[in-house]
Amino acid sequence: MDTDALKEKVIAVLQTIFDPEIPVSIYELGLIYEVSVLPINNVQVVMTLTAPSCPAAQSLPVEVDQKVRQIEGVNDVHVAVTWNPPWNKSMMSEAAQLELGFL
């Protein structure tokens, strides 16, 4: 499987993971900063959370790791949580902003 196809599968899986407090996927919320497919199908996901005190701070990165690991062809997964740049509402997709009433 080529890296573009694998990256698309990873993004599709990320769109099935939801912030427990907001009915929108973490991908649409803009919490995923980067998805990289490295040699031998190692996947790196750089993500953030809505706030450092977010109740999902412990569970969301673990869920991302577990779900991405289940994709056929993925060798290893590294999930990095960053606070730079800090997340804000403008990072959400238009669909997410519409769903949450920000547009």
Residues that are in a helix (DSSP H, G or I), surrounded by 15 or more Cβ atoms within 10 Å (Cβ to Cβ) and without any contact (Cβ under 8 Å) to a residue 40 or more places away in the chain, drawn from the range 81-103
Gln97
Residue, surrounded by the fewest Cβ atoms within 10 Å (Cβ to Cβ), within the range 1-19, restricted to residues that are part of a helix (DSSP H, G or I), without any contact (Cβ under 8 Å) to a residue 40 or more places away in the chain and charged (D, E, K, R):
Asp4
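Please tell me if Glu34 is of a type outside the set (A, V, I, L, M), in a helix (DSSP H, G or I) and either out of contact with any Pro (no Cβ under 9 Å at 6 or more places or on another chain) or buried (at least 16 other Cβ atoms within 10 Å of the Cβ) (or both). So that I can check it myself, show each step before the final result.
Working: of a type outside the set (A, V, I, L, M): yes; in a helix (DSSP H, G or I): no; either out of contact with any Pro (no Cβ under 9 Å at 6 or more places or on another chain) or buried (at least 16 other Cβ atoms within 10 Å of the Cβ) (or both): yes.
Considered against the rule, which asks whether it is of a type outside the set (A, V, I, L, M), in a helix (DSSP H, G or I) and either out of contact with any Pro (no Cβ under 9 Å at 6 or more places or on another chain) or buried (at least 16 other Cβ atoms within 10 Å of the Cβ) (or both), Glu34 comes out as no.
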Taking only pairs six or more apart or across chains, which ones have beta-carbon atoms under 7 Å, a first residue in the range 20-39 that is within 14 Å of Lys9 (Cα to Cα), and a second residue that is in a loop (DSSP other than H, G, I, E, B)?
Tyr27/Gln15
Tell me yes or no: at least one residue of the range 63-80 is in a loop (DSSP other than H, G, I, E, B), under 17 Å from Gln15 (Cα atoms) and within 13 Å of the chain's Cα centre (by Cα).
no
Can you say whether Ile22 is closer than 22 Å to Gly101 by Cα, hydrophobic (A, V, I, L, M, F, W, C), surrounded by 13 or more Cβ atoms within 10 Å (Cβ to Cβ) and modelled with pLDDT of 95 or more, as far as the supplied structure shows?
no
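The values are calculated or read from the model by the stated rules, or taken from the named source; none is laboratory data. This structure is a prediction, so every number in the text was calculated from the model and none was measured. Ideal geometry is used to build each Cβ from the backbone, glycine not excepted, and the neighbour counts take in all protein chains shown.
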